[in-house]
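**Student:** Quick one: the structure is below, and I'll ask about it shortly.
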Amino acid sequence: MRILTISNLYPPERFGGWELGCKQMVDELRRRGHDVRVLTSTPRVFEDGAVNGDVVRLMRLEESWDPALIGTDTPLRRSRRVLVEPHNIEILHQQLDTFEPDVVYVWNLLGLGALALLLALRMRRLPWVVHLMDAMPLNLASVAFGAHVRFADMLFPVLEGTWISCSQSLLDENAAANAVLRGNVVTVSNWISGPRPAMRTHWYEPGSTLRCAYSGQIFTPKGIGIMLESVGTLVAEGLPIEVDLYGDGLERFQYESMALQLGLSDVVRFHGQVGQDALMSALAAHDVFLFPTEMREPFGFAPLEAAAAGCVPLVTGGAGVTEWLVSGVHLLTVRRDAAHLTDALRRIIDGTLPLEPVGRRGQRVVLDDFHIEVVADKVEALLQAEAERPRDAAEMSWRDIGRWARLTELLADSLLAGD
Amino acid sequence: MLNMAKAVAFAGGDGVTVEIISPAPQAAVRSLGPGVTLRGVPMSPAGAAYGEGVSWEFVAALESADLIHVHQVFTRMGEAAAIAGRMRGVPVCITDHGGGTRTVGRRLGLVDMVDAAIAYSRCGATALGDSANVTVIEGGVDAEFFHDTSASGVRDRFLFVGRIMPHKGVDLLLRALPDDAPLTVAGTVADATYLELLHELARGHDVSFATNPNDVELRDLYSSAIAIVQPSVHIDVYGRVYQYPELMGLVALEGMACGAPAVVLRTGALPEYVDDGLTGFVVDNEAQLRDRLELLAADPELCAAMGRAARERVLTLWDSRIAGERMLRLYRRLAEN
């Protein structure tokens, strides 16, 4: 298949796991012989590796994540982020004409004028598959300000294609916000990638130092504060525990300060961003993966990677990953507060909550069923099914699609200017 | 638009319903006759100036529509409605009635981006850029309702009907009015300053003003008129320029349907509907206007003959049943495609 993949960011440019997941799936599809072109935004930080013949970095990204942009948002920028960015319509047009894909594989479009891009694909009658790892439809359909949300209401219901969601809870969250997805809606789990780690042979000995790990963004929704508070309590009780945090984020400095204030500088270490191989090695050297994230966490790659390394995930009950891995069987769950997290860790240290059986089963099932080589079979089949679906002629010329986009942009601008 | 809506619903019988979506202070739906409903939708922001507001309620209303015809398309609401229709994938028709507030649609070629642009005159087609995508459907006057109701057959007044605003040229009519000829000026006052000017010009003449007459009153006015006069101008009394002062001239057609000759200035679409010397007169200036008014006032036979020819022309070409059939044929063709 010729697959055009669109993502707002693409490694090395990235914000979180969604973009990494995109790259992993693209690599896997290429490994399977598919011709995959990636269309993404122009580099933001110009890291090494950004220039790559298989990745077209031409789209204009109206981002909201850069700390430098906090407080500078405007209705017009929101419009270009969510509703329509004619520049990107034109870029998409050029890529469709030169690459002639069989199917378009859509990842996170926030920041690119998402709705109009999807609409343009629909009008061109190109089959598409959207891979959701967070609440993009909800963000598109219910960002509640002024006329913008009305545009989204107007456009969203006509978008029909294949939607892959990493969890049912993510679909439920979207549906609750009226972002009901139309077409073929399926759940496909997240995955691990790369060489499968060896099965763990050494497990935590109660009473010894409990080596905890976390990887991901360093910011409040992930429960970093809860984590530090629990560790602080256990250290104050004289229990042996240490935590290594891998990743970065807007609030890293704040949490480093918090760790210092709690007197945890010896046992809590912030390592920043590390490569995938280094992370997997590190996880293999830890006993528990702390993931007291917010309940709406759609899935996350990190708990799977931890389980694959035999590092038992201790996650918020109800988070997306618990739809796929069973609490008490493949991972441990806990209520999202410091007291419950502390209690669970205390029970692990004193041996009343043994890690080995859970860790062993979790590692086995993730290595067998959640490796990208397995999951990609499903994704590939969905892409193939869309690509083979009988296609009508384009609803309108590309010139007209561009003009409608421009008309919508200018109307939105004129309305939003008064918001 | 209402005439056309009713005519389309009539032409389609039970199989066609027309919903007119229009600004209103509060959301409400009411019947306007067989097959035609009016859905009032609040505009946002509330109290927005003409052409500046948008209602989003229409998105829900579009759910069951097989086709959307956007009138006054060169406004924010018109643009939003056209976009919504296009996004839903239903055929979109547009019409410009003049007085639009947005230029972007013209600039981008909206006329060619929709399924059909519909003008009510050749002048209207020109105003839309004479695109091949423009279909002209002339007329749309209810000639069954608008007929001569005068039992006596006496026609003793000239008549102007329309919004009281400068480009309608009522001042020119008053200046051209023969000294002893009565005139009735009927319509909605859209410009109070202009009305004051008209009152000044009317001094010394037999001029009456009828504000907001209903359709029955209008019909009676048409039926007692020596002629219906539409003196719309390209340059008004204040020097303002109007490229297309009339895109159809429904008032002239209603008057003609009631047996009144039409006297019009050669502006906009007006000459298209008047066969000069047969169904009325087409004039170029104040002097010609005065001359033709004097001619008609002095010759009731000529007036009656022209009136009969005018009604016959309306019945043959511009009756709403004919226009409705044509419009429905176009709608059906678009919907089937």
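Taken together, the values in this text are just the output of simple stated rules run on the coordinates, not laboratory data. Quick caveat: nothing in here was measured; it's all calculated off a predicted structure. Cβ placement follows ideal geometry from the backbone for every residue including glycine, while neighbour counts extend to all protein chains displayed.
**Student:** P(r) of the protein assembly as shown in 20 Å steps, Cα pairs, percent per bin?
**Tutor:** Spelled out bin by bin, the protein assembly as shown gives 15, 35, 24, 16, 9, 1 percent.
**Student:** Relative to the present Cα-Cα distance, how much length would full extension add between A:Ala175 and A:Ala339 at 0.36 nm per residue of separation?
**Tutor:** 55.8 nm
**Student:** Continuing with the same structure: If I build a Gaussian network model for chain A, linking alpha-carbon pairs within less than 10 angstrom, which residue out of A:Pro390, A:Pro357, A:Pro137 has the largest mean-square fluctuation?
**Tutor:** Of the options given, A:Pro390 has the highest mean-square fluctuation.
**Student:** For region B:157-317, what value does the Rg/Rh ratio take when both radii are computed over Cα atoms and Rh is the Kirkwood radius, given to two decimals?
**Tutor:** Details: Rg = 14.1 Å, Rh = 15.2 Å.
That ratio equals 0.93.
**Student:** Can you work out the Karplus-derived ³J(HN,Hα) for every residue in region B:127-134? Use 6.51 cos²θ - 1.76 cosθ + 1.60 with θ = phi - 60°, whole Hz, and x for glycine or proline.
**Tutor:** Values, residue by residue: 4, 8, x, 6, 6, 5, 7, 8 Hz.
**Student:** Amide H to amide H under 5 Å from B:Leu32: which residues, 5+ apart in sequence or cross-chain, H placed 1.01 Å off N in plane?
**Tutor:** It is B:Thr37, B:Leu38, by chain and number.
**Student:** Rg and Dmax in Å for region A:75-123, alpha carbons only: what are they?
**Tutor:** 10.9, 36
**Student:** Next question. In degrees, nearest 10, range 0 to 90: what is the angle between the Cα axis of helix A:398-416 and the longest Cα principal axis of chain A?
**Tutor:** Around 70 degrees separate the two axes.
**Student:** Let me ask something additional. How large is the Kirkwood hydrodynamic radius of chain A, counting all unique pairs of alpha carbons, in Å?
**Tutor:** On the way: mean 1/r = 0.0445 Å⁻¹.
Final number for the Kirkwood radius of chain A is 22.5 Å.
**Student:** Now for a separate question. Nearest 500 deg cm²/dmol is fine: what mean residue ellipticity at 222 nm does chain B get from its DSSP H runs of n ≥ 4 alone, each adding -39,500 (n - 2.57), divided by its residue count?
**Tutor:** Helices in chain B give a 222 nm mean residue ellipticity of -10500 deg cm²/dmol.
**Student:** Along the three principal axes, how long is region A:151-279 when you take its alpha carbons, biggest first, rounded to the nearest angstrom?
**Tutor:** Answer, in whole Å and largest first: 58, 37, 26 Å.
**Student:** Counting other beta carbons within 10 Å of each residue's own, what order do A:Tyr255, A:Tyr105 fall into, fewest first?
**Tutor:** On the way: A:Tyr255 21, A:Tyr105 29.
Placing the least packed residue first, the sequence is A:Tyr255, A:Tyr105.
**Student:** Counting only DSSP beta bridges with both residues in the protein assembly as shown, what percent are antiparallel, rounded to the nearest 5?
**Tutor:** Values: 8 of 92 bridges.
Taking every DSSP beta bridge with both residues in the protein assembly as shown, the antiparallel ones total about 10 percent.
**Student:** With a 10 Å cut-off between alpha carbons and a GNM built on chain B, which of B:Arg107, B:Arg308, B:Arg266 moves the most?
**Tutor:** Of the options given, B:Arg107 has the highest mean-square fluctuation.
**Student:** In region B:157-317, what percentage of the DSSP-assigned beta bridges are antiparallel, given to the nearest 5?
**Tutor:** Roughly 5 percent of the beta bridges in region B:157-317 run antiparallel, per DSSP.
**Student:** Of the options A:Ala381, A:Pro357, A:Ala393, report the single residue whose Cα projects farthest towards the positive end of the charge dipole of region A:316-416 (beta-carbon charges: Lys, Arg +1; Asp, Glu -1).
**Tutor:** Result: A:Pro357, furthest along the dipole toward the positive end.
**Student:** Continuing with the same structure: To test your reading of the geometry: what angle, between 0 and 90 degrees and rounded to tens, separates the Cα axis of helix B:2-12 from the longest principal axis of chain B?
**Tutor:** The angle comes out near 60 degrees.
**Student:** In debye, nearest 20, what is the charge dipole magnitude of region B:223-337 about its Cα centre with +1 on Lys and Arg Cβ and -1 on Asp and Glu Cβ, if you could check?
**Tutor:** Approximately 520 debye in magnitude.
**Student:** Only counting other Cβ atoms within 10 Å, I'd like B:Asp191, B:Asp96 sorted with the fewest neighbours first. Can you show the working numbers first?
**Tutor:** On the way: B:Asp191 17, B:Asp96 26.
The fewest-first ordering by Cβ neighbours comes to B:Asp191, B:Asp96.
**Student:** Please report the relative contact order for chain B, taking Cα pairs under 8 Å with a sequence separation of at least 6, and give it as a percent rounded to a whole number.
**Tutor:** 17
**Student:** Tell me what chain A gives for mean residue ellipticity at 222 nm when only DSSP H runs of n ≥ 4 count, each as -39,500 (n - 2.57), the sum divided by the residue total, rounded to 500 deg cm²/dmol. Intermediate results must be reported in sequence, preceding the final value.
**Tutor:** Values: 15 runs with 171 residues, N = 419.
That comes out to -12500 deg cm²/dmol.
**Student:** Right, another one. So for region A:304-419, what percent of the C-alpha to C-alpha distances run longer than 19 Å?
**Tutor:** Numbers: 4433 of 6670 pairs.
Roughly 66 percent, rounded to a whole number.
**Student:** Can you spot the lysines whose alpha carbon is less than 27 Å from A:Lys23's alpha carbon? Ignore those fewer than 8 places along the same chain.
**Tutor:** Filter leaves A:Lys222, A:Lys378.
**Student:** Next up: Which of A:Leu228, A:Leu264, A:Pro313 sits closest to the plus end of the dipole of region A:210-369, meaning its Cα is farthest towards the positive end, when Lys and Arg get +1 and Asp and Glu get -1 on the C-beta?
**Tutor:** A:Pro313
**Student:** Shielding by partners for B:110-119, please: the mean number of other protein chain Cβ atoms within 10 Å of each residue's Cβ.
**Tutor:** Details: counts 4, 0, 4, 8, 2, 1, 0, 0, 0, 0.
For this peptide, the per-residue mean of nearby foreign Cβ atoms is 2.
**Student:** How big is the charge dipole of region B:294-333 about its Cα centre, in debye rounded to the nearest 20, if each Lys and Arg gets +1 on its Cβ and each Asp and Glu gets -1 on its Cβ?
**Tutor:** Numbers: 8 positive and 6 negative charges, 127 e Å.
Charge dipole of region B:294-333: 600 debye, to the nearest 20.
**Student:** Using a 10 Å cut-off around each Cβ of peptide A:400-413, what is the average number of partner chain Cβ atoms that fall inside?
**Tutor:** Mean number of neighbouring Cβ atoms from other chains: 5.
**Student:** In peptide A:392-399, what is the residue-averaged number of other protein chain Cβ atoms found within 10 Å of each Cβ?
**Tutor:** 1
**Student:** Which one of A:Tyr204, B:Val114, B:Gly13 has its Cα pushed farthest toward the positive end of the charge dipole of the protein assembly as shown, where Lys and Arg give +1 and Asp and Glu give -1 at the Cβ?
**Tutor:** Of the listed residues, the answer is A:Tyr204.
**Student:** To test your reading of the geometry: what angle, between 0 and 90 degrees and rounded to tens, separates the Cα axis of helix A:372-388 from the longest principal axis of chain A?
**Tutor:** 10
**Student:** Looking only at region B:77-109, which residues have a backbone nitrogen under 20 Å from a spot 7 Å from the Cα of B:Thr193 in the C-beta direction?
**Tutor:** Residues B:99 qualify, since their backbone N sits under 20 Å from the label point.
**Student:** Right, another one. Using unit Cβ charges (K, R positive; D, E negative) and no other charged atoms, how large, in debye to the nearest 20, is the dipole of the protein assembly as shown about its Cα centre? Before the final figure, lay out each step's value.
**Tutor:** On the way: 68 positive and 96 negative charges, 169 e Å.
That gives the protein assembly as shown a dipole magnitude of about 820 debye.
**Student:** Between region B:84-120 and region B:300-337, how many Å separate their Cα centres?
**Tutor:** For region B:84-120 versus region B:300-337, the Cα centre distance is 24 Å.
**Student:** Under 5 Å between amide H atoms, partner at least 5 residues away or on a different chain: which partners does A:Ile6 have, H built in plane at 1.01 Å?
**Tutor:** Here the answer is A:Leu39, A:Tyr105, A:Val106, A:Trp107, since their amide H atoms fall under 5 Å of that of A:Ile6.
**Student:** What's the exposure ranking of A:Arg80, B:Arg240, going from fewest to most Cβ atoms within 10 Å?
**Tutor:** With the fewest neighbours first, A:Arg80, B:Arg240 line up as B:Arg240, A:Arg80.
**Student:** Can you tell which of A:Ala282, A:Ala302, A:Ala376 shows the greatest fluctuation in a Gaussian network model of chain A with Cα springs below 10 Å?
**Tutor:** For chain A, modelled as a Gaussian network with Cα springs under 10 Å, the answer is A:Ala282.
**Student:** Please report the antiparallel percentage of DSSP beta bridges with both residues in chain B, rounded to the nearest 5.
**Tutor:** Close to 15 percent.
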